[in-house]
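Please read the structure below before turning to the comments.
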Amino acid sequence: MRILLIEDDGETADYLRKGLAESGHVADHAATGPDGLAQALAGRYDALVVDRMLPGMDGLSLIRVLREEKVTTPVLILSALGQVSDRVRGLRSGGDDYLVKPFAFSELLARLEALMRRTGSEAELEAQTQLRIGDLEMDLLRRSVIRAGRPIELQPREFRLLEFLMRHAGQVVTRTMLLEGVWDYHFDPQTNVIDVHISRLRAKIDKGFDEPLLQTVRGAGYCLRAPS
């Protein structure tokens, strides 16, 4: 999933971004209401996690504006306000779920996954949560990968890398795209981290199969494509 965190507390935001990254998801962050609104309107996200109390614009006002603009992205509201009336107000403002602080990360992740399961028709849900390239299949909810019926065990970063490549299947993916989309780096650390992970991923998804899926495009990057 690609998630936008709209949270002004830096410690909470770092905690969530770290947990989501370790779970194989991509998380962007905005620290104010206006910045969060701009990113939510401009970006394409699977879900939003919105703190209720934000500088510049409170979370409920932000959600109301999104709904007025016909943005239907599922929203999980975070708040220290946990009375029934608080939760009702949050849901009536356009939120899809409400989680009271303090919370366990495992519950937040489960709630996000539940929101994804509830969103859209079955066909739309499958398109969001299942990726297929040739005989390679990825289930984003179950966090599983199989090729030709054979299960493939991936580490969280390898899973995230493969998800990015599958979402860009048939396209040449550059080093910069991988650094920003998988590692959330907006600079080149001048290390071989990409080469190492690509090598490990190739060994897991291509070794033992007649047709390789992961191709190196010399001087350009990498491409994941089904055999012709």
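The values are calculated or read from the model by the stated rules, or taken from the named source; none is laboratory data. Small disclaimer: the values here were computed from a predicted structure and weren't measured. So basically every Cβ, Gly included, is an ideal-geometry build from the backbone, and we count neighbours across all protein chains shown.
Looking at the range 176-228, which of the residues that are hydroxyl-bearing (Ser, Thr, Tyr) and surrounded by fewer than 17 Cβ atoms within 10 Å (Cβ to Cβ) is farthest from residue 138 (Cα to Cα)? Give the derivation first.
Residues of the range 176-228 hydroxyl-bearing (Ser, Thr, Tyr): 176, 185, 191, 199, 216, 222, 228.
Those still in the list that are surrounded by fewer than 17 Cβ atoms within 10 Å (Cβ to Cβ) too: 176, 185, 191, 199, 216, 228.
Numbers: 176: 24, 185: 25, 191: 28, 199: 19, 216: 21, 228: 20 Å.
Ranking the candidates gives 191 first.
Anything in the range 161-175 that is buried (at least 21 other Cβ atoms within 10 Å of the Cβ) and assigned to a helix (DSSP H, G or I)? List them, or say none. Write out each step before concluding.
Taking the range 161-175 and keeping what is buried (at least 21 other Cβ atoms within 10 Å of the Cβ), we get 161-163, 165, 173.
The answer is 161, 162, 163, 165.
When you scan the range 99-110, do you find a residue that is crowded, with 19+ Cβ neighbours inside 10 Å, in a loop (DSSP other than H, G, I, E, B) and assigned by TED's automatic domain parsing to the domain that holds residue 13, even just one?
Checking the range 99-110: not a single residue is crowded, with 19+ Cβ neighbours inside 10 Å, in a loop (DSSP other than H, G, I, E, B) and assigned by TED's automatic domain parsing to the domain that holds residue 13.
If you scan the range 21-44, which residues turn out to be modelled with pLDDT under 90 and outside any strand (DSSP E or B)? Before you say what the answer is, go through the steps one by one.
Here is the first cut: in the range 21-44, the ones modelled with pLDDT under 90 are 21-26, 42-44.
Of everything in the range 21-44, those that are modelled with pLDDT under 90 and outside any strand (DSSP E or B) turn out to be 21, 22, 23, 24, 25, 42, 43, 44.
For residue 8, state whether it is assigned to a helix (DSSP H, G or I), free of Cβ contacts under 8 Å to residues at least 60 places away in the same chain and in contact with a Ser or Thr (Cβ under 8 Å, 6 or more places away or on another chain).
Working: assigned to a helix (DSSP H, G or I): no; free of Cβ contacts under 8 Å to residues at least 60 places away in the same chain: yes; in contact with a Ser or Thr (Cβ under 8 Å, 6 or more places away or on another chain): yes.
Answer is no for this residue.
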